[in-house]
Amino acid sequence: MLKVLVIDSDSDFASLLGRALLNAGHETRIVGDAKYGIVRAKAFEADLVMISATVPGVTTPQLIEELKPHVPGRIVVCGDSDDPEASQTAVSAGASDYVLRSSGIEAILERVIAKDSESESADSDSESGAGDEEETPAETDSPKPKPAITSLRAPLKDGKRPFVVVIAHADEEKRAFQKEIVERLNTALHVIEVATSEQAIAACAGNRTVMLMIDWGISNIPTRQAMKTIREAKNGKAIALFVTYKSRSPEKQRLAMFGGAMEFAGEPWDDGSLEGQIKHALDVIRKRRRRAKIKAFKAKQAKEAKAA
C-alpha cells in the first residue's frame, strides 16, 4: 500500500483518480490547490504525489520545488500537453515522471504505481538479504483498518469552534474519500469522522454541525432512528442530513428522503457524482445560512425601531 497525495484543481479528474487509488488499496488524500497541497504534504509524508500541470496560481516548477523538501517519495506531473518540452520542464524541476491525463486513469496508475511497486520490491529484497537460503514467508494479513478520529469535538480556532461536517461510516477508506471532497470544497469546515451512529449523534450534539453524512448500513443504532434523534435534538433541524449507501437502491433512497435526508448518494462513486452532490448540499446550506442571517438582521432592526 502506498500513501498517495493528489493535488489537482479539476475536481472531476481528481475524484476519479482518488477513487481508483482507494479501490487499489492505497491511502489517498486529495486537495484542490497548491497552498493546501503543501500543507498536507508536510504532514502526510507521501510515497507518491501526483500534481496537475495547471494548478492555479503557481507554475509546475514552483510547486515541485516547494513540495520536494516535504515529500519522501516521488512526484509525478499529470499534464494535458504532449509537447516533449512540457515533460522536460517537469523532470528538470525535480519530477520523476510526466504522464498525459488523456491516456486515462487506468493507464496512468499502471505506469506510476508499477514503478513504486518495483522500488518497494527492490528495497524489500535488499533489506531481507536477497540470496539467503532461508526465505521469510510473505505476510498475507491485510492492514487493520484505523479507527475513526477519537475526538468528537472540533478544536478551537481563533477562540471559536469552527462549523463541522460529521462523516459516519464504518469503512475508513470511504470516510477518507468523503472527507477529502468536503475539505476541498470548503476549507473552512472541520470534518469529524466517526464509525458508529451513536458517535454520530454525540458529534452532532457537541459541535456547530452543519451537515451529517451517514451511511444507511452503519452499526450501533439504525440510521433512520439516529436521523430522528438528531433532528429532534436542540438545533437539530439546522443540520443537513446526507445519506450514503452501498448501492443506488430506489427503496433506500425513498426511506432516507422520508427520514429527512437532503441528499442520497448510492455507490459506486467513481463517476464523480458524489462530489457533485456534496457541492450541491454545501451550496444549499450556505444559502440557508445567508437567509437566516438576513432574517435575524431584519428582526433586530424591527425590534430596535419599535423600541425607539
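Quick note: the coordinates plus some simple rules give every number you see, no bench work behind them. All values derive from a computational prediction rather than experimental measurement. All Cβ positions, even for glycine, are placed from backbone atoms using ideal geometry, and neighbour counts span all protein chains on display.
Tabulated results
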read-out: Among 171, 33, 283, residue whose mean-square fluctuation peaks in a GNM of the chain (springs only between Cα atoms under 10 Å); value: 283
read-out: Computed over the stretch 1-42, the ratio Rg/Rh where both radii use C-alpha atoms and Rh is Kirkwood; value: 0.97
read-out: Given charges at beta-carbon only (K, R positive; D, E negative), |dipole| of the chain in Debye; value: 4200
read-out: Acute angle (nearest 10 degrees) that the helix 84-93 long axis makes with the longest principal axis of the chain, alpha-carbon atoms; value: 80
read-out: Most mobile of 83, 158, 47 in a GNM of the chain (Cα contacts under 10 Å); value: 158
read-out: Max mean-square fluctuation residue, GNM over the chain, Cα-Cα springs under 10 Å, options 100, 156, 255; value: 156
read-out: Distance cut-off 23 Å, percentage of C-alpha pairs in the stretch 3-104 lying past it; value: 15
read-out: Phi-based couplings in Hz for the stretch 201-207 (Karplus 6.51, -1.76, 1.60; Gly and Pro marked x); value: 4, 5, 5, 5, 6, x, 9
read-out: Relative contact order (percent, whole number), the stretch 187-254, Cα cutoff 8 Å, 6+ residue spacing; value: 33
read-out: Formal net charge of residues neighbouring residue 203 (Cβ-Cβ distance under 13 Å; K, R +1; D, E -1); value: +2
read-out: Karplus-derived HN-Hα couplings along the stretch 273-288 (A = 6.51, B = -1.76, C = 1.60, θ = phi - 60°), whole Hz, x at Gly and Pro; value: 5, 4, 4, x, 6, 5, 4, 4, 4, 5, 5, 4, 4, 4, 5, 5
read-out: With Cα atoms, 0 to 90° folded angle of helix 223-232 axis to the chain main axis; value: 40
read-out: Percent of beta bridges antiparallel (DSSP, the chain, rounded to nearest 5); value: 5
read-out: Only Lys, Arg (+1) and Asp, Glu (-1) charged, at Cβ; the stretch 1-45 dipole about Cα centre in debye; value: 200
read-out: The stretch 163-293 - charge dipole about Cα centre, Lys and Arg +1 at Cβ, Asp and Glu -1, debye rounded to 20; value: 1000
read-out: Around residue 154: net Lys/Arg minus Asp/Glu count, Cβ-Cβ under 15 Å; value: +3
read-out: Computed [θ] at 222 nm, helices only, for the chain once each DSSP H run of length n ≥ 4 contributes -39500 (n - 2.57); value: -15000 deg cm²/dmol
read-out: Dipole-positive endmost among 217, 113, 202 within the chain (Cβ charges, Cα centre); value: 202
read-out: Dipole of the chain, positive end: most advanced residue of 297, 48, 16 [Cβ charges, Cα centre]; value: 297
read-out: Cross-link table 35/157; 234/293; 42/246; 179/246; 234/306, entries beyond 22 Å C-alpha to C-alpha; value: 42/246; 234/306
read-out: The stretch 292-301 - phi-based ³J(HN,Hα) in whole Hz, Karplus 6.51/-1.76/1.60, Gly and Pro as x; value: 5, 5, 5, 4, 5, 5, 5, 5, 5, 4
